[in-house]
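The values are calculated or read from the model by the stated rules, or taken from the named source; none is laboratory data. For clarity, every value in this text was computed on a predicted model and none was experimentally measured. Glycine also receives a Cβ, built like all others from the backbone with ideal geometry; neighbour counts cover every protein chain displayed. What goes into the accessible areas is simple: the full protein's heavy atoms, side chains included, and nothing from ligands, DNA or RNA. Shrake-Rupley method; radii C 1.70, N 1.55, O 1.52, S 1.80 Å.
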Amino acid sequence: MTDPIRTRRENGILEVTIDRPKANAIDLVTSRIMGEIFRDFRDDESLRVAIITGAGEKFFCPGWDLKAAAAGDAVDGDYGVGGFGGMQELRDLNKPIIAAVNGICCGGGLEIALSTDLILAAEHATFALPEIRSGTVADAASIKLPKRIPYHIAMDMLLTGRWLDVEEAHRWGFVNEILPADRLMERAWELARLLESGPPLVYAAIKEIVRDAEGKDFPTAMNKITKRQYRTVDILYSSEDQLEGARAFAEKRDPVWKGK
């Protein structure tokens with residue numbers, strides 16, 4: 001057996017590849033491994049950005065491994081520190097993550113993609129939430145998708161399980177860019193390097209604010225920012241990087257971010 005998850009690191013970028021032939025489906029063991037990988041990514045100050053993709057040219061990830069379930073994996077079993085796929089329930093994951101969707105992305109695989117910050121997709125990528133056809137609920141997608149795309153489109157996907165091609169997914173706004181298959185990873189790394197060069201403390205504040213403010217009204221969320229009640233905002237406003245940004249602007253030079 002080979003490792004179901006492969007990683008590659010270049011400077012501050014971590015590439016995570018789901019590699020479970022034939023379809024990159026995720027069982028309990030794989031989910032726990034992914035949780036450890038993303039927890040370590042979160043906690044490693046030298047890592048700035050992650051990319052998640054699938055091995056091969058056909059599947060990004062179809063989600064839950066039904067063969068493993070038939071063999072005894074419980075659907076409510078121990079998915080690990082970050083919940084299913086390692087990141088959906090991982091607290092304080094305040095670094096940018098890019099999904100490079102290289103094929104079929106459905107069920108829990110789509111839920112993983114929705115947990116990232118930017119979604120790039122190959123021209124042949126397809127998307128669906130087929131859980132309805134197997135008599136179960138797409139739990140995380142039922143929470144997230146209606147907040148990401150128009151309500152009636154989300155409900156169409158949830159209630160019918162129909163497939164979207166990449167053009168429709170892009171039209172509804174949950175795919176950022178469509179790429180030729182042979183350009184997908186090149187573009188993902190290009191974007192990752194751009195983000196790697198940016199201010200990590202600002203990224204952290206953005207992610208915490210966006211995540212927390214999703215369930216709050218505007219005045220409440222703004223009050224938390226101005227009173228520095230977000231931990232990441234408080235760190236940012238007292239940081240060397242905050243001063244460096246202002247100095248670099250005044251001196252008309254590129255800032256040098258230290259993450260502190």
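To the nearest Å, what is the center-to-center distance of the stretch 163-233 and the stretch 139-153, using C-alpha atoms only?
When both Cα centres are located, 17 Å separates them.
Return the distance in nm (one decimal) between the two label points of a simple spin-label model at SER46 and LEU159, each offset 7 Å from Cα along Cα→Cβ.
5.2
Net charge near PRO4, counting Lys/Arg +1 and Asp/Glu -1 over other residues with Cβ under 13 Å of its Cβ?
Summing Lys and Arg as +1 and Asp and Glu as -1 gives -1.
Which whole-number percent gives the relative contact order of the chain, counting Cα pairs below 8 Å spaced six or more residues apart? Show your work: numbers first, answer last.
On the way: 470 pairs, mean separation 39.8, N = 260.
Across the chain, relative contact order equals 15 percent.
So how do LYS22, LYS258 rank on accessible area, 1.4 Å probe, biggest first, that is with the largest at the start?
Values: LYS22 190, LYS258 120 Å².
Greatest to least solvent exposure: LYS22, LYS258.
Ignoring ligands, DNA and RNA, what percent of the accessible area of the stretch 5-197 is carbon or sulfur (1.4 Å)?
That share works out to 52 percent.
Report the residue, chosen from ALA69, ALA246, ALA141, that carries the largest GNM mean-square fluctuation when the chain is represented by alpha-carbon nodes joined by springs under 10 Å.
ALA246
For the chain, set up a Gaussian network in which alpha carbons nearer than 10 Å are linked by springs, and say which option among GLU111, GLU244, GLU57 fluctuates the most.
GLU244
Rolling a 1.4 angstrom probe over the protein chains, ignoring ligands and nucleic acids, what is the accessible area of SER197 in square angstrom, nearest 10?
Only protein atoms counted, so the area is about 70 Å².
Let me check I've understood the local charge: for PRO180, count other residues with C-beta under 13 angstrom from its C-beta, Lys and Arg +1, Asp and Glu -1. What total comes out?
Value of the local net charge: -3.
Report the percentage of all Cα-Cα pairs in the stretch 200-251 whose separation exceeds 12 Å, rounded to a whole percent.
Working: 855 of 1326 pairs.
When all Cα pairs of the stretch 200-251 are counted, 64 percent exceed 12 Å.
Could you tell me how far the Cα centroid of the stretch 237-260 sits from the Cα centroid of the stretch 1-64, in Å?
33
Which FRET efficiency value, to the nearest 0.05, do you get for GLU123 and ASN176 by plugging their Cβ-Cβ distance into 1/(1 + (r/R0)^6) with R0 = 22 Å? Walk me through the intermediate numbers first.
Working: r = 14 Å, r/R0 = 0.64.
Efficiency, rounded to the nearest 0.05: 0.95.
Just TYR203, TYR237, TYR79 to compare: in a GNM of the chain, with alpha carbon springs under 10 Å, which one fluctuates most?
With Cα springs under 10 Å in the chain, the top fluctuation among TYR203, TYR237, TYR79 is at TYR237.
To the nearest 10 degrees, how steeply does helix 151-160 sit against the main Cα axis of the chain, on a 0 to 90 scale?
30
What accessible area per residue comes out for the stretch 5-197, rounded to a whole number of Å², with a 1.4 Å probe?
Here the residues of the stretch 5-197 average 45 Å² of exposed surface.
Going by accessible area, probe 1.4 Å, with all protein chains left in place, what is the ranking of PHE41, PHE218, largest first?
PHE218, PHE41
If Lys and Arg each add +1 and Asp and Glu each add -1, what is the summed charge of the other residues whose beta carbon sits under 11 Å from the beta carbon of PRO150?
That sum, taken over residues with Cβ under 11 Å, equals +2.
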